[in-house]
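S.K.: Encoded as structure tokens, here's the structure I'll be asking about.
The values are calculated or read from the model by the stated rules, or taken from the named source; none is laboratory data. A quick note: this is a predicted structure, and the numbers were derived from the prediction, not measured. Cβ placement follows ideal geometry from the backbone for every residue including glycine, while neighbour counts extend to all protein chains displayed.
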Amino acid sequence: MSSKLIAPSLLAADFGNLQRDIEMVNQSDADWFHIDIMDGVFVPNISFGMPVLSAMTKHTKKTIDVHLMIIDPDRYIKTFADLGSDILTVHYEACTHLHRTLQAIKTEGMKAGVALNPHTNINVLEDTINDIDLVLIMSVNPGFGGQSFIENTYNKIKQLKELIMKKGASTVIEIDGGVSSLNAKKLADAGADVLVAGSFVFKSTQPIETIKNLKEIANS
């Protein structure tokens, strides 16, 4: 992937005006919709459920990038495929049989992603990296938007990039948490392919302009 992609996180959107915010992303230079699904167990927060995702996908015109922050994600793989998810990312920490989960996601026709919490080492993916389409590195502790960025993320991106190259994998690197115009270039230079931006986009007074600028910085 040569061009760096921007994936606004709808967790930071205005839930009272969700359709408006989705239309804004549709019209912007953003590439993907990033949608966080939380269960209140794996992370200390609850976000969208299936009915809301179903309502969203009626309006979205771009890639649907779903991030499951839930325990036992295998239960819902088919459901999220049926709801129109293009990429389904599960947490390494929530999967007892990661390889089997990845295969199940691909069987449903989706790309398979694996997310790593800030404390989880890259080397846990050594044996499965060739089966993973996307690795999502959490640059904040998952569960809430608006947190400050964890600086060790740059090292993790570089380590992950080395692993991908070493194994000859085609895995895409995605970063989620505290992404802004201040660190977008440094993240891209370290090897990130996709930047998830929540509060930075949706709290902006001119979100379309903010997305455009973020993409230009990441690709500069």
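S.K.: Do we find that L214 is crowded, with 17+ Cβ neighbours inside 10 Å and under 30 Å from E126 (Cβ atoms) in this structure? Full working, then the answer.
M.R.: On the way: crowded, with 17+ Cβ neighbours inside 10 Å: yes; under 30 Å from E126 (Cβ atoms): no.
So L214 fails the test.
S.K.: For I175, state whether it is more than 29 Å from Q27 (Cβ to Cβ) and either touching a strand residue (DSSP E or B) at 6+ places or on another chain (Cβ under 8 Å) or touching a residue at least 60 places away in the same chain (Cβ under 8 Å) (or both). Talk me through it step by step, then tell me what you get.
M.R.: Values: more than 29 Å from Q27 (Cβ to Cβ): no; either touching a strand residue (DSSP E or B) at 6+ places or on another chain (Cβ under 8 Å) or touching a residue at least 60 places away in the same chain (Cβ under 8 Å) (or both): yes.
No.
S.K.: Next question. Kindly check whether there is at least one residue in segment 47-61 that is at pLDDT 95 or above and within 18 Å of the chain's Cα centre (by Cα).
M.R.: Taking every residue of segment 47-61 in turn, at least one turns out to be at pLDDT 95 or above and within 18 Å of the chain's Cα centre (by Cα).
S.K.: Being among the charged types (D, E, K, R) and in a strand (DSSP E or B) is the filter here; which residues of segment 165-177 pass it? Before you say what the answer is, go through the steps one by one.
M.R.: As a first pass, look at segment 165-177 and keep what is among the charged types (D, E, K, R): 166-167, 174, 176.
If the condition is that a residue be among the charged types (D, E, K, R) and in a strand (DSSP E or B), then E174, D176 are the ones that fit.
S.K.: List every residue pair whose Cβ atoms sit under 7 Å apart, with the two residues 6 or more apart in sequence or on different chains, where the first one lies in segment 148-162 and is without any contact (Cβ under 8 Å) to a residue 40 or more places away in the chain and the second, anywhere, is surrounded by 12 or more Cβ atoms within 10 Å (Cβ to Cβ) and polar (S, T, N, Q).
M.R.: Going by the 7 Å Cβ cut-off, the qualifying pairs are F149/S139; F149/N183; I150/S139; T153/S139.
S.K.: May I pose another question? How many residues are in contact with a Pro (Cβ under 8 Å, 6 or more places away or on another chain), in a helix (DSSP H, G or I) and of a type in the set (A, V, I, L, M, F, W, C) if we restrict to segment 83-114?
M.R.: 1
S.K.: When the residues of segment 145-164 are filtered to those that are of a type in the set (A, V, I, L, M, F, W, C) and assigned to a helix (DSSP H, G or I), which remaining residue is nearest to G198 (Cα to Cα)? Please lay out each step first, then the result.
M.R.: Restricting attention to segment 145-164, the residues satisfying the condition of being of a type in the set (A, V, I, L, M, F, W, C) are 149-150, 157, 160, 163-164.
Still in the running and assigned to a helix (DSSP H, G or I): 157, 160, 163-164.
Numbers: I157: 20, L160: 23, L163: 28, I164: 27 Å.
Taking the candidates together, the pick is I157.
S.K.: For segment 107-152, name all the residues that are over 13 Å from the mean Cα position of the chain (by Cα), of a type in the set (D, E, K, R) and closer than 19 Å to Y76 by Cα.
M.R.: Listed by number, the list holds a single entry, E108.
S.K.: Still on this structure, please answer the following. Among the residues of segment 132-144, write down those that are without any contact (Cβ under 8 Å) to a residue 60 or more places away in the chain and either assigned to a loop (DSSP other than H, G, I, E, B) or touching a Gly at 6+ places or on another chain (Cβ under 6 Å) (or both).
M.R.: Of segment 132-144, the ones without any contact (Cβ under 8 Å) to a residue 60 or more places away in the chain are 132-133, 135, 137-141.
Matches in segment 132-144: I132, D133, M138, S139, V140, N141.
S.K.: Could you figure out which of (1) in contact with a Pro (Cβ under 9 Å, 6 or more places away or on another chain); (2) more than 27 Å from A184 (Cβ to Cβ) isn't true of I137?
M.R.: Condition not satisfied by I137: (2).
S.K.: Let me ask something additional. So, in segment 185-202, exactly how many residues are touching a Lys or Arg at 6+ places or on another chain (Cβ under 9 Å), in contact (Cβ under 8 Å) with a residue 60 or more places away in the chain and not β-branched (V, I, T)? Give the steps one after another, and end with the answer.
M.R.: Applying the first criterion (touching a Lys or Arg at 6+ places or on another chain (Cβ under 9 Å)) to segment 185-202 yields 187-188, 190-195.
Restricting the remaining residues to those that are in contact (Cβ under 8 Å) with a residue 60 or more places away in the chain gives 188, 192-195.
Going one step further and asking which of them are not β-branched (V, I, T), we end up with 188, 192-193, 195.
Looking only at that region, the number is 4.
S.K.: Right, here's the next one. Kindly evaluate S180 against the criterion of being assigned to a loop (DSSP other than H, G, I, E, B), among the polar types (S, T, N, Q), closer than 14 Å to G113 by Cβ and at pLDDT 95 or above. Spell out the reasoning first.
M.R.: On the way: assigned to a loop (DSSP other than H, G, I, E, B): yes; among the polar types (S, T, N, Q): yes; closer than 14 Å to G113 by Cβ: no; at pLDDT 95 or above: yes.
For S180, the condition - assigned to a loop (DSSP other than H, G, I, E, B), among the polar types (S, T, N, Q), closer than 14 Å to G113 by Cβ and at pLDDT 95 or above - is not met.
S.K.: Can I ask one more? Residue check, H119 against (1) in contact (Cβ under 8 Å) with a residue 40 or more places away in the chain; (2) not in a strand (DSSP E or B), all met but one. Which one?
M.R.: Condition (1) is where H119 drops out.
S.K.: Still on this structure, I have one more. Out of all the residues in segment 3-28, which are of a type in the set (D, E) and surrounded by 15 or more Cβ atoms within 10 Å (Cβ to Cβ)? Outline the logic, then answer.
M.R.: To start, the set of residues in segment 3-28 that are of a type in the set (D, E) comprises 14, 21, 23.
The one that is of a type in the set (D, E) and surrounded by 15 or more Cβ atoms within 10 Å (Cβ to Cβ): D21.
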